[in-house]
Amino acid sequence: MHPRAFEYVRASSVPEAVALLAKGGEDAKILAGGQSLIPLMKLRLAAPSLVIDIGHIPGLSGIREEGGFLRIGAMTRHREFESSPLIRERYPLLADAVKVLGDPQVRNLGTIGGSLVHADPAGDWGTALLALDTELVATGPAGDRSLSIDRFFEDPFTTALSPSELLTEIRIPKAPARSGGAYKKLKRKTGDFATVAVSARLLLGPEGKISEARVGIGAVAPVPFRSIHAEDSLKGRSPSDAAFGEAGRLASVDSQPGSDLHGSPDYKRAMVRVLTRRALETATERARM
Ligand SMILES: Cc1cc2nc3c(=O)[nH]c(=O)nc-3n(C[C@H](O)[C@H](O)[C@H](O)COP(=O)(O)OP(=O)(O)OC[C@H]3O[C@@H](n4cnc5c(N)ncnc54)[C@H](O)[C@@H]3O)c2cc1C
């Protein structure tokens, strides 16, 4: 199918994109990598009258460490993570996630900002960033505001971003010493969204005990979420099969999987248990390196 007719504008700056969003109102849509928006427009599930291309705005993409944060521009394409030595060496959780996101064509065009705003419950970035205490910067007519990833996803395909705002930056606190993270995804084949995905980040104290834990779960609830029960169960414990098995059990209890072509709720809960344990094991190995 062809999309409905629409006006296309290429914005040259963030203020111009924000002004265009205000002008277009509910009928305007930002175009980033187009990997979700264009298929939706072709299926006529989205029919914006104004499409604002942010792909040529200088400074809206890139990955750098600055001021205690890893700062990522919203227009940063998935493939830029794959080729970044900084991501590979210091943020292996993100390197894990991008390796299993879609296929090379999708990674060449799709962006982290588009993925987060699209808010697919099985989207890889949403689940991955939950373990990393991430802040998202939204820019609107009143300026910038910061949103925690914990409260960003409100419903499937719905976020806390207002229609007049642009997601401009993703900020992750720099990885502290003796911390490690990992991302595990179960999918049927290359290019598929997750059947189940788990991210985990651990901080080890001086005696090797877990002083902080974050566990993000994707694809088994209306939105990616943190398993607070799993996290609380880990604090103060030594990394062990028993501790990680218990965290996996609690994460599976916190999940609300539905039944679909990928499997039954019982199967998905079992996979949450397995992937949580594996993510915690890898995160521990990395924290000890
Ligand atoms: C075959 C295929 C397989 C895929 N597999 C996976 C997968 O395994 N895992 C996964 O996570 N994803 C997968 N995706 C989705 C992919 O990651 C997309 O790139 C992503 O969901 C959307 O990013 P985009 O840059 O293409 O955004 P677009 O499609 O351009 O936009 C998506 C939505 O976000 C809005 N938007 C975009 N950027 C901004 C911004 N900065 N501020 C405000 N609003 C914005 C748009 O208006 C639109 O509503 C797949 C896609 C395809 C086509």
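The values are calculated or read from the model by the stated rules, or taken from the named source; none is laboratory data. Fair warning: this is a prediction, and the values are worked out from it, not measured in the lab. Cβ placement follows ideal geometry from the backbone for every residue including glycine, while neighbour counts extend to all protein chains displayed. When the accessible area is computed, the model is the full protein with side chains, heavy atoms only, and any ligands, DNA or RNA have been set aside. Shrake-Rupley method; radii C 1.70, N 1.55, O 1.52, S 1.80 Å.
Taking label positions 7 Å along the Cα-Cβ direction at both PHE157 and ILE38, the computed distance is 1.9 nm, reported to one decimal.
Just list whichever of LYS189/LYS268; LYS99/LYS189; LYS187/LYS235; LYS185/LYS268 have alpha carbons separated by over 21 Å in the model shown. Can you show the working numbers first?
Values: LYS189/LYS268 16 Å; LYS99/LYS189 13 Å; LYS187/LYS235 30 Å; LYS185/LYS268 12 Å.
With Cα atoms farther than 21 Å apart: LYS187/LYS235.
Between GLU66 and SER211, what's the calculated FRET efficiency when r is the beta-carbon distance and R0 is 25 Å? Round to 0.05. Provide the component values of the computation, followed by the final result.
Values: r = 26 Å, r/R0 = 1.04.
Calculated transfer efficiency: 0.45.
How high is the FRET efficiency between GLU26 and ASP103 when r is their beta carbon distance and R₀ equals 30 Å, given to the nearest 0.05? In this case the efficiency is close to 0.40.
Out of the total accessible area of region 63-171 (probe 1.4 Å, heavy atoms of protein only), what percent is carbon and sulfur?
49 percent
About its Cα centre, the chain has a charge dipole of approximately 720 debye under the convention of +1 per Lys or Arg Cβ and -1 per Asp or Glu Cβ, with nothing else charged.
Would you please state which residues of region 43-60 a label at VAL9 would reach in this model, taking the label point 7 Å out along Cα→Cβ and a backbone N cut-off of under 11 Å? Zone members listed by number: 50-53. Evaluated at q = 0.33 Å⁻¹, a Debye calculation over the C-alpha positions of region 7-53 (equal weights, vacuum) places log10 I(q)/I(0) at -1.24. Comparing Cα centroids, region 128-207 and region 210-289 end up 16 angstrom apart. Give me the tail of P(r) for the chain as a percent: Cα-Cα pairs with distance above 36 Å. Taking all Cα-Cα pairs of the chain, the fraction more than 36 Å apart is 15 percent. Assuming a ≥ b ≥ c are the square roots of the Cα gyration tensor eigenvalues, decide whether region 1-112 counts as rounded (a/c under 1.5), prolate (otherwise, with a/b larger than b/c) or oblate. Oblate shape, in that a/c is at least 1.5 and b/c is the bigger or equal ratio. Leaving ligands, DNA and RNA out of it, report the carbon-plus-sulfur percent of the accessible area of region 179-288 at a 1.4 Å probe. That share works out to 49 percent. Calculated mean residue ellipticity at 222 nm for the chain: -10000 deg cm²/dmol, from DSSP H runs with n ≥ 4 weighted as -39500 (n - 2.57), summed, divided by the residue count and rounded to 500. Compared with the dominant Cα axis of the chain, that is its longest principal axis, helix 14-24 is turned about 70°. Helix 265-288 and the long axis of the chain differ in direction by around 80°, with both axes built from C-alpha atoms. Basic side chains Lys and Arg get +1 at the Cβ, acidic Asp and Glu get -1 at the Cβ, and with that the dipole of region 100-244 about its Cα centre reaches some 480 debye.
What does the accessible area per residue of region 63-171 come to in Å², with a 1.4 Å probe and no ligands, DNA or RNA counted? Don't jump to the answer; show the numbers that get you there.
On the way: 4260 Å² over 109 residues.
Roughly 39 Å² per residue, with all protein chains present.
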